[in-house]
Amino acid sequence: MIVNFNKRRFNKKYIEKIIEAYEYALKLLKIPCKDVEVNIDFVSAHRIKSLNNNFRQKNTETDVLSFPNLLEVGKVDMQLIIDKITKKNFPNEVNPENNCIFLGDICICKKVAYAHAKEYGNSKAREMVYMAVHGLLHLLGYDHMLDEDKKIMRETEEKIMKKIKLERD
């Protein structure tokens, strides 16, 4: 798995835990292809608000936004996309430079994530990694619009966070 982090807001203290969480997520979810790629961008509150307004018509700051490359949000059952992540099924989405399937982009707003950490009594590291995990699950087709889907997504997030020793206190 390749995780590309933007250079201008590169935060080294969370990188190792995010990569550890992502590698475990691939195992836990039984993703057929481990050669996948994700971009993560740590953005300002102004930037996340602009993205949220442009793509979701919500003129507010948010903690994380995901831009899936393999699916149209809300149109694919989460298990269907996970089972089909292979180079054979997505030949046009394989990056020729690294031979990985590009899953999509994730934008995380540190300001909002840090505020949530304080509000929920979590460490900043836990909240930042949680946002990255949440974003990855969205790239894979998970959603939380319906209560049943939300429960599945939250349970999956917490399994991953527990495995990397960043569970809730």
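The values are calculated or read from the model by the stated rules, or taken from the named source; none is laboratory data. Predicted, not measured: the structure shown is a model, and the values here were computed from it. Using ideal geometry, Cβ is built from the backbone for each residue, glycine included, and neighbour counts are taken over all protein chains shown.
If you check R47 against the conditions, is it modelled with pLDDT under 95 and either out of contact with any helix residue (DSSP H, G or I) (no Cβ under 6 Å at 6 or more places or on another chain) or not basic (K, R) (or both)? The answer is no for R47. Residues in region 94-111 include none that are out of contact with any Pro (no Cβ under 7 Å at 6 or more places or on another chain), free of Cβ contacts under 8 Å to residues at least 60 places away in the same chain and buried (at least 21 other Cβ atoms within 10 Å of the Cβ).
Among residues of region 143-159 being in contact (Cβ under 8 Å) with a residue 12 or more places away in the chain and either of a type in the set (S, T, N, Q) or not in a helix (DSSP H, G or I) (or both), the one that is surrounded by the most Cβ atoms within 10 Å (Cβ to Cβ) is T156.
The helices (runs of 4 or more DSSP H) found entirely in region 43-142 that carry 1 or more residues being hydroxyl-bearing (S, T, Y) are 45-56, 110-120, 124-139. Taking the criterion of being surrounded by fewer than 17 Cβ atoms within 10 Å (Cβ to Cβ), without any contact (Cβ under 8 Å) to a residue 60 or more places away in the chain and part of a helix (DSSP H, G or I), the residues of region 20-30 that qualify are E23, K27.
Candidates F10, F90, F42, F5: the one that is surrounded by fewer than 13 Cβ atoms within 10 Å (Cβ to Cβ), at pLDDT below 95 and among the hydrophobic types (A, V, I, L, M, F, W, C) is F10. Any residue that is under 26 Å from E167 (Cβ atoms), modelled with pLDDT under 95 and out of contact with any Leu (no Cβ under 8 Å at 6 or more places or on another chain) - is there at least one of those in region 71-82? So far as region 71-82 goes, yes, one or more of its residues are under 26 Å from E167 (Cβ atoms), modelled with pLDDT under 95 and out of contact with any Leu (no Cβ under 8 Å at 6 or more places or on another chain). Within region 31-55, residues that are touching a residue at least 24 places away in the same chain (Cβ under 8 Å) sit with their Cβ atoms under 6 Å from residues that are crowded, with 20+ Cβ neighbours inside 10 Å and part of a loop (DSSP other than H, G, I, E, B), at 6+ positions apart or across chains, in these pairs: I31/I85; P32/I85; C33/I85.
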